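Input: a single structure, listed below in structure tokens.
Rule-based calculations on the coordinates, nothing more; no lab input. Just so it is clear, the structure is predicted and the values come from calculations on it, not from any experiment. Note: ideal-geometry Cβ built from the backbone for every residue, glycine included; neighbour counts use all protein chains shown.
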């Protein structure tokens, strides 16, 4: 019986080391990705500022910039995350994602941005009406004031309807401390201010 216990102990230790190594890799990969994309965004903003008179909308599309949309910041909560095009698992592990089919910053309509509740968007649990959200892109900085928060079912896509004006909708899973796939979505709705 002792050899079985000894081998079981070593197997469990090896699994623990592998899991910790994977967690370390994910955290390091995300940190490196965020820093690299933040530097790339700053250089694109600087380059765009130098050639502002000849701005081509096609050159500012996410496809032309490797999927980079910009950076979202909520200063009061300390949130700062790169926004990439799409909401696939690989993208949401490294950044927050622009929901395809929704408006892009600077366009009329509803800009949908999604992120995991256990990474970049965890501080959203403390967001309040009136908080400012900044969205920095190659075309400039857009400011949004939080209007409301709500909790909806995962299939309630009505929160992404275009509506009037320029709206920003942040989406993450809810409850924030739920273990496993969360049953609801936490929605933050904000409108653009000049």
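To the nearest ten degrees, helix 2-50 and the longest principal axis of the Cα atoms of the chain are 10 degrees apart. Note on segment 3-193: Kirkwood radius taken over Cα pairs, Stokes-Einstein applied at 4 °C and 1.567 mPa s, translational D equal to 72 µm² s⁻¹. Determine, from the Cβ-Cβ distance of residue 116 and residue 194 and an R0 of 30 Å, the FRET efficiency 1/(1 + (r/R0)^6), rounded to the nearest 0.05. In this case the efficiency is close to 0.45. The helix-only estimate of mean residue ellipticity at 222 nm for the chain, built from DSSP H runs of length n ≥ 4 each weighted as -39500 (n - 2.57), is -10000 deg cm²/dmol after division by the residue total. Three principal axis extents describe the C-alpha atoms of segment 115-194; from largest down they are 39, 24, 24 Å. For segment 56-194, the relative contact order works out to 22 percent when only alpha carbon pairs closer than 8 Å and six or more residues apart are counted.
For segment 60-121, the direction-averaged projected area of the alpha-carbon convex hull comes to 4.4 nm².
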